[in-house]
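The values are calculated or read from the model by the stated rules, or taken from the named source; none is laboratory data. All values derive from a computational prediction rather than experimental measurement. Cβ: placed from backbone, ideal geometry, glycine included. Neighbour counts: every protein chain shown. Calculation scope for accessible area: heavy atoms of the full protein, side chains included, ligands and nucleic acids excluded. Shrake-Rupley method; radii C 1.70, N 1.55, O 1.52, S 1.80 Å.
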Amino acid sequence: GVHAGDMKAQKTWNTIDIAVSVASGTPWLGLVPVDVSGPVLMFAGEGGEADLLRRIDAVARSRGLTADDLPITVCCRAPHLSDAVHLGLMADELDRIRPVLTTLDPLYLAARGAKLGDLYAMGALLEAPQHLCQEAGSSLWVAHHQNRKEGRGAMRMSGAGPAEWGRVLISATVISRNVNLATGETTVVTELDTIGGSIPGGTLRVVRRIRAEDPEDLRSEEHTSELQSLRHL
């Protein structure tokens, strides 16, 4: 599936959330049940390793879990999907870990050099990791960006290919963003529009609160919590 959104629309937080959910067997965003749990392989090209690990730890602690106990393997580079060597290394990791879920965040780094507006070229590019994951028995989650068009939903996904290729499409829209100047806590309200042939369509509203133990220290422990409600389209 493909999860797309505007800049800072919580795509990486949602990706981490589903990784922790699948690794622990707990509901995604506290609401969507996980039918099959197990190891998770994450390819993350943005933000750096320290920031990603802080976020994984924050999501795990919000559920009373310890990140170190979860079967999550992190590679802080996005594989170049047009590079045979990178695909070979990706295949090796899939064979070694045998993950239930593989996440690729973000697509624009993994697809570098590709013609994003060419449906056939993008289809060929996305086919490679899809087949590797299928052979390993893994679902594939791809984080993507939206274009500058008006509106919301899958029509906003950048380029040609991802919206056509994805079996499940999740599009994030930021409704509001506020910062508590006294505590440094950020509250972001997003709506996730979901569509796919195998699932009921709907909109999931997520209220995520994020704060650091010490807002002045980028290495300090982070905390996060979510509140959700589901409405049908």
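Inspect region 136-151 for any residue being modelled with pLDDT under 90, under 25 Å from residue 98 (Cα atoms) and not in a loop (DSSP other than H, G, I, E, B) and give the result as yes or no. Walk me through it before giving the result.
Narrowing region 136-151 to residues modelled with pLDDT under 90: 145-151.
Then keep just the ones that are under 25 Å from residue 98 (Cα atoms); that gives none.
For region 136-151, residues modelled with pLDDT under 90, under 25 Å from residue 98 (Cα atoms) and not in a loop (DSSP other than H, G, I, E, B): absent.
Looking at region 39-68, which of its residues are within 30 Å of residue 112 (Cα to Cα) and part of a loop (DSSP other than H, G, I, E, B)?
39, 45, 46, 47, 48
Return yes or no: is residue 142 closer than 25 Å to residue 167 by Cβ, out of contact with any Ser or Thr (no Cβ under 6 Å at 6 or more places or on another chain), of a type outside the set (Asp, Glu) and open to solvent by less than 30 Å² (accessible area, probe 1.4 Å)? Let's see the steps before the verdict.
Details: closer than 25 Å to residue 167 by Cβ: yes; out of contact with any Ser or Thr (no Cβ under 6 Å at 6 or more places or on another chain): yes; of a type outside the set (Asp, Glu): yes; open to solvent by less than 30 Å² (accessible area, probe 1.4 Å): yes.
Criteria met by residue 142.
Quick one: residue 220 ticks every box in (1) exposed (fewer than 14 other Cβ atoms within 10 Å of the Cβ); (2) closer than 19 Å to residue 14 by Cα; (3) of a type in the set (Gly, Ala, Ser); (4) modelled with pLDDT under 90 bar one, so which box is it?
Every listed condition holds for residue 220 apart from (2).
Checking residue 111 against (1) open to solvent by less than 10 Å² (accessible area, probe 1.4 Å); (2) within 27 Å of residue 223 (Cβ to Cβ); (3) not β-branched (Val, Ile, Thr): exactly one of these is not met. Which one?
(2)
For region 161-209, give me each residue that is open to solvent by less than 40 Å² (accessible area, probe 1.4 Å) and more than 24 Å from residue 32 (Cα to Cα).
The answer is 161, 184.
Only one of these conditions is not met by residue 158: (1) modelled with pLDDT under 85; (2) surrounded by fewer than 17 Cβ atoms within 10 Å (Cβ to Cβ). Which number is it?
With (1) modelled with pLDDT under 85; (2) surrounded by fewer than 17 Cβ atoms within 10 Å (Cβ to Cβ) applied to residue 158, the lone miss is (2).
Given the condition assigned to a strand (DSSP E or B) and touching a Phe, Trp or Tyr at 6+ places or on another chain (Cβ under 8 Å), answer yes or no: does some residue in region 176-184 qualify? First the steps, then the outcome.
In the first step, residues of region 176-184 are kept if they are assigned to a strand (DSSP E or B); the result is 176-179.
Still in the running and touching a Phe, Trp or Tyr at 6+ places or on another chain (Cβ under 8 Å): none.
So far as region 176-184 goes, no, none of its residues is assigned to a strand (DSSP E or B) and touching a Phe, Trp or Tyr at 6+ places or on another chain (Cβ under 8 Å).
Is there any pair linking a residue in region 1-24 that is under 17 Å from residue 104 (Cβ atoms) and among the charged types (D, E, K, R) to one that is open to solvent by less than 10 Å² (accessible area, probe 1.4 Å) and not in a strand (DSSP E or B), with Cβ under 8 Å and at least six apart or on different chains, and which?
11/106; 17/29; 17/59
Look through 94, 125 and report the one residue that is within 25 Å of residue 159 (Cα to Cα) and crowded, with 17+ Cβ neighbours inside 10 Å.
On the way: 94 fails: within 25 Å of residue 159 (Cα to Cα).
Sole residue among the options that is within 25 Å of residue 159 (Cα to Cα) and crowded, with 17+ Cβ neighbours inside 10 Å: 125.
Which residues, taken from region 74-120, are touching a residue at least 40 places away in the same chain (Cβ under 8 Å) and assigned to a helix (DSSP H, G or I)?
87, 90, 91, 93, 94, 95, 97, 107, 108, 109, 110, 119
Under 8 Å between Cβ atoms, at least 6 apart or on separate chains: pull out the pairs that start in region 161-172 with a residue that is closer than 10 Å to residue 196 by Cα and touching a residue at least 24 places away in the same chain (Cβ under 8 Å) and end on any residue that is among the polar types (S, T, N, Q) and surrounded by fewer than 24 Cβ atoms within 10 Å (Cβ to Cβ).
Correct list of pairs: 167/198; 168/194; 168/198; 169/194; 170/194.
Restricting to region 128-139, name every residue that is hydroxyl-bearing (Ser, Thr, Tyr) and open to solvent by 50 Å² or more (accessible area, probe 1.4 Å).
Step one: of region 128-139, the residues hydroxyl-bearing (Ser, Thr, Tyr) are 138-139.
Scanning region 128-139 gives a single hit, 139.
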